[in-house]
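The values are calculated or read from the model by the stated rules, or taken from the named source; none is laboratory data. Everything numeric in this text was worked out from a predicted model, so none of it was measured. With ideal geometry, Cβ positions are generated from the backbone for all residues, glycine too; neighbour counts draw on all protein chains shown. When the accessible area is computed, the model is the full protein with side chains, heavy atoms only, and any ligands, DNA or RNA have been set aside. Shrake-Rupley method; radii C 1.70, N 1.55, O 1.52, S 1.80 Å.
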Amino acid sequence: MNPLMRQAQIVELARKKGGVTVEQLVEAFDVTPQTIRKDLNLLCDRGALKRTHGGAMHPSGVENVEYEARRQIATDEKQAIGRAAAALIPDNASLFINIGTTTEAVSQALAEHRGLMVITNNINVANRLRVAPSMEVVIAGGVVRASDGGIVGEAAVDFIRQFKVDFAVIGVSAIDEDGALLDFDFREVKVAQAIIANARHVILVSDSSKFARTAPVRIGHLSQAHTFITDHCPYDSIRNLCAESGITLIETTVS
């Protein structure tokens, strides 16, 4: 298991239990206490956890803190994924960008493109790209989720269905080993499904920590994507699925 996946599982364990100890994590992951302390220090520095004596606790009950913490996890990996995705999108293209910290990294990498039409249900993406020269930004209507600035609900779904675009940049909360794409909010899932259905080329972007997470709501399946960009793909089953389905797999850093 690479460090990103282990750290994602540590955060998830802390979220479920409220807190974790070094001793528990050493036993759970079969690594040294020094490795776990390094993980905890990194996660606490990024705001994903709060240090306690002998372990760490989850900053539960504060959704926006959780979102800001997610933005800080795997920052370098997300930026590399963002650059790789942006390199696939030519000037003068139309595209959807959905909710997510990795899709926000893609929007950052697109800032120098020209002539793009960007349709998004992500307020953070719209705010970043609205000042870019020669770019048209269209934002969906609907319910604004306070935790992360995502726009969700039936109004957003109906709005998305008005378009047929060249590319969709999709982020997810979790990827199952069988290729299922998963999320937590069924309202967000409906928007993501509409985005996938109304794009000619679907680019799935996800750092490898998403392989270590689970979520209850199915968005769809990896086979619906045309390109999958990640820092590292840890499962042979996913590699085989990409090969069998004709999906282009791009790994920005292989470890």
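Normalised by the number of residues in region 3-58, the average gap of Cα pairs under 8 Å and 6 or more apart makes the relative contact order 40 percent. When only Cα pairs below 8 angstrom with a gap of at least 6 residues are kept, the chain shows a relative contact order of 16 percent. Directionally averaged projected area (region 99-188, Cα convex hull): 6.3 nm².
Note on surface exposure: 253, 52 rank 253, 52 by accessible area, highest first, 1.4 Å probe. Using a probe of 1.4 Å on the protein chains alone, the accessible area found for residue 128 is around 80 Å². Within the straight-line cut-off of under 27 Å between alpha carbons, the lysines reachable from residue 50 are 16, 17, 38, 78, 210, sequence neighbours fewer than 8 places apart in one chain being disregarded. Building the convex hull from the alpha-carbon atoms of region 123-176 and averaging its projection over directions returns 5.1 nm².
Ligands, DNA and RNA excluded, the heavy atoms of residue 164 present near 110 Å² of accessible surface to a 1.4 Å solvent probe.
Using the rule -39500 (n - 2.57) for each DSSP H run of four or more residues, divided by the residues of the chain, the 222 nm mean residue ellipticity is -12500 deg cm²/dmol. Within the accessible area of the chain, what % is carbon and sulfur when the probe is 1.4 Å and the other protein chains stay in place? The nonpolar share, carbon plus sulfur, comes to 49 percent. Ranked from largest, the principal axis spans of the Cα set of the chain equal 53, 40, 32 Å.
Just so you know, the Rg over Rh for region 186-255 is 0.96, from Cα atoms, with Rh as the Kirkwood radius. Taking all protein chains as shown and a probe of 1.4 angstrom, residue 202 keeps an accessible surface of around 10 Å². Averaging Cα coordinates gives a centre for region 109-168 and one for region 171-189; these two points are 20 Å apart. Overall, the chain carries a charge dipole of about 460 debye about its Cα centre when +1 sits on the Cβ of Lys and Arg and -1 on the Cβ of Asp and Glu, all other atoms neutral. The charge dipole of region 3-58, taken about its Cα centre with unit charges on the Cβ atoms of Lys, Arg (+1), Asp and Glu (-1) only, comes to about 240 debye. Accessible area per residue for the chain is 45 Å², calculated with a 1.4 Å probe on protein heavy atoms, without ligands, DNA or RNA.
Kirkwood analysis of the Cα pair distances in region 3-58 returns a hydrodynamic radius of 10.6 Å. In this simple spin-label approximation, residue 197 and residue 180 carry label points 7 Å from Cα along the Cα→Cβ vector, and these lie 2.1 nm apart. Calculate, for residue 158 and residue 50, the FRET efficiency according to 1/(1 + (r/R0)^6) with r their C-beta to C-beta distance and R0 51 Å; round to the nearest 0.05. Efficiency computed from Cβ-Cβ geometry: 0.80.
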